[in-house]
Amino acid sequence: MTSSAEAQNSDRTARVADEAPGPPPEPRLPGGVAGAVRGGGMPRWLPRAMVLALVLVGLFQLADWAFHQLIDLFVMLLVAFFLSLALEPAVDRMAARGVRRGVGTFLVFVAVGIAVIGFLAALGTLLVDQVAKIAGDLPHLVDNLINWVNRTFHQDLSLGELQKKLLKDSGAIESYAQQAADNVWGVSSTVVGGLFQAFTVGLFTFYFTAEGPRVRRTVCSMLPPAKQGEVLRAWEIALAKTGGYLYSRALLAVVSAAGHWVMFALLELPYAAALAVWVGVMSQFVPTIGTYLAGALPVLVALTVQPVDALWVLVFVVVYQQVENYLLHPRITAKTVDVHPAVAFGAVIAGAALLGAVGALIAIPAAATLQGFVGTYVRRYEVATDPRIDRGEQRRARRELRREAARRLRRMVGGDGRRSGGR
C-alpha cells in the first residue's frame, strides 16, 4: 500500500512539472546573422550588397559620361529627324509618280542646296560691296570725324598726328594683330567643326528621308501590334505638322521677298534683290528676332544712300509685317499648321534654354507637332455658356445685333425713299 501511494505521488509531481511554464524559446535568426552574432563577424550578404552598389554607381557614372560625350550626336540626330520630316512629303510625292526614293531625296537636296547657296552668294556679294564702299570712303569719314572732334571738344587734331601715334604704338598694334590672328585661328577651327556637323546632319537627313518607310517598319517591328497603329499615327502627325510648317514659311518668305523687292527697286536701293531675299528668309525662318534682323540691314543700306529712304524702308517693313500677320499668315497657315504667337514665343525660349540655337530653330516645329498630338489624343468637352468665361461677349453680341438692326433700318428707309422718288 505504501509503495502504491508513493508511486501515485511521483506521477502527480511529474505531471505538475511538465505543466509548469519553462523559459521562453530563443529566437531563430538567419544563418549569416546568427553566425555574426555568435562569432561577432560581418554578415555574409553584406559584401555582395556593397559590391553590387559599387557596380551600380560605376555603371551610372559610365552612362552619364557617355551621354555627355554623345550629346552632340544626339542633337544632330534630332535636327536630322526634323529635317527629314520636313523633306519627306516632297519625296513621297515624287515616289508616288514612280521616282525612286533615293533619287527623289537627292533631287530635293539639290534644290535646297541651290537655294541656300544662292542666298549665301547674294548676301556675300552685298557684304563685300558694302565693305569695299566703306573702305573707299574711310579717309573721308576719318576727316569728318576729326573735324567733328575738333569742333565739339575744342581740340587741334590732325591726320598726321594720328598716324604718328599709331606708328609710335606699333608694339600695341602688333599685340592686337597677334590676338586677332589667334582669334582667326579659333574661328577657322570653329568653321571647320561647323562644316563637319552640317555634313553629318545632312548625311543622317538623307538616310532618314530616303529610308523613311524602312525606318518606320523597323521601329514598329519592336512594338506589339496594338501599339504599332498609335506610333504610326503619331509619326503621321509629326510629318504633317513639320512639313506644313516648313512649306507655309517658305511660301511666306517668297511673298515677303517679292513685296520687299518691289519696294527696294522703287527706292533704287543697291542690291535690291539680295536685300529682299534677306528680309524674306530672316523674317520667316529665324524665330522671335528674325523680323528685326530682317529690317535692320535694308535700313542701314538705305542710310548710306539717302537718309529719307531709310525712313521709307522702315515704314514699309512695319506696314508689311502687319499685313502679313493679319491677312497673309492666317490664310496660308490655315491648311498647314497654325501656332499661336504666345505658344511659339514660349517654345523658342524653352528650346533655346535646352539646346541653344539649335533648340530655338526646331522649337516651333516641335511645338506644332505637340499641338497636333494634343488636338488628336486629348479629349475635349463642350463648355457651357457662362459670363464668367466669356466676359464682355454678351455685350459685344448685343452691340452687334443693334448695329445690324440699324443697318437694316437704314436700308429700309433708303429703299422707301428711292421707291417714292421713282414714282
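The values are calculated or read from the model by the stated rules, or taken from the named source; none is laboratory data. Computed from a predicted model, the values in this text were never measured in an experiment. Positions of Cβ are generated from backbone atoms using ideal geometry, with glycine treated the same way; all protein chains shown enter the neighbour counts. Protein only, heavy atoms only, side chains kept; ligands, DNA and RNA dropped before computing areas. Shrake-Rupley method; radii C 1.70, N 1.55, O 1.52, S 1.80 Å.
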- Message: Please compute the length gained on full extension between LEU107 and VAL142, using 0.36 nm multiplied by the number of residues separating them and subtracting their Cα-Cα distance.
- Response: 7.5 nm
- By how many nm would the segment from LEU70 to ALA226 lengthen if fully extended, with 0.36 nm per residue of separation less the alpha-carbon distance? 52.9 nm
- Query: With each pseudo-label sitting 7 Å past Cα toward Cβ, what's the ALA273-GLU211 distance in nm, one decimal?
  - Reply: 4.0 nm
- Note on the structure: Computed over the stretch 191-321, protein heavy atoms only, probe 1.4 angstrom, the accessible area per residue in square angstrom equals 54 Å²
- Query: Accessible area, 1.4 Å probe, largest first: how do GLU404, GLU88, GLU236, GLU382 sort?
  - Reply: GLU382, GLU236, GLU404, GLU88
- Message: More than 11 angstrom separation, counting every C-alpha pair in the stretch 261-300; what % is that?
- Response: 58 percent
- Message: Counting each pair of different Cα atoms once, what's the Kirkwood radius of the stretch 82-152 in Å, rounded to one decimal?
- Response: 16.2 Å
- Which of LYS227, LYS241, LYS133 is most accessible, then next, and so on - probe 1.4 Å: LYS227, LYS133, LYS241
